[in-house]
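A.B. asks: A single structure is presented below for examination.
The values are calculated or read from the model by the stated rules, or taken from the named source; none is laboratory data. Predicted model, so just to flag it, every value in this text is computed and none were measured. With ideal geometry, Cβ positions are generated from the backbone for all residues, glycine too; neighbour counts draw on all protein chains shown. Heads up: the accessible areas ignore ligands, DNA and RNA and are worked out on the full protein's heavy atoms, side chains in. Shrake-Rupley method; radii C 1.70, N 1.55, O 1.52, S 1.80 Å.
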Amino acid sequence: MKYLLVLLVAAVVYSLWKNRAGSVRRAPPPGGGPSVAPSRARPAEVMIACEHCGLHVPAGEAIVQSGHTFCSREHAHSGVHR
Ligand SMILES: [Zn+2]
């Protein structure tokens, strides 16, 4: 009777461990889901360096001309200075 109890406990522990291993694989990591990433990435906008003066400007405000990025239309007109 004692061995039966041990066997029962072992079976319960094994099934619990198996369920846990399966749920860990399926469930997203705690606090690191894809829903967290956009809210973190939003405040830090991508900065692009002006290829004329080297000034870093937000990607939304940068002037892109024939593959080169500039901080202003004047520098875009002046061209690349290195
Ligand atoms: Zn510039």
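A.B. asks: What number comes out for the charge environment of Ile63, summing +1 per Lys or Arg and -1 per Asp or Glu over other residues with Cβ under 11 Å away?
C.D. replies: -2
A.B. asks: Could you report the accessible area of Val57 in Å², rounded to 10, computed with a 1.4 Å probe on the protein chains as they sit in the structure?
C.D. replies: Accessible surface of Val57 is approximately 20 Å².
A.B. asks: Still on this structure: Note down the nm distance, to one decimal, between modelled labels 7 Å out along Cα→Cβ at Lys2 and at Ala59.
C.D. replies: 6.8 nm
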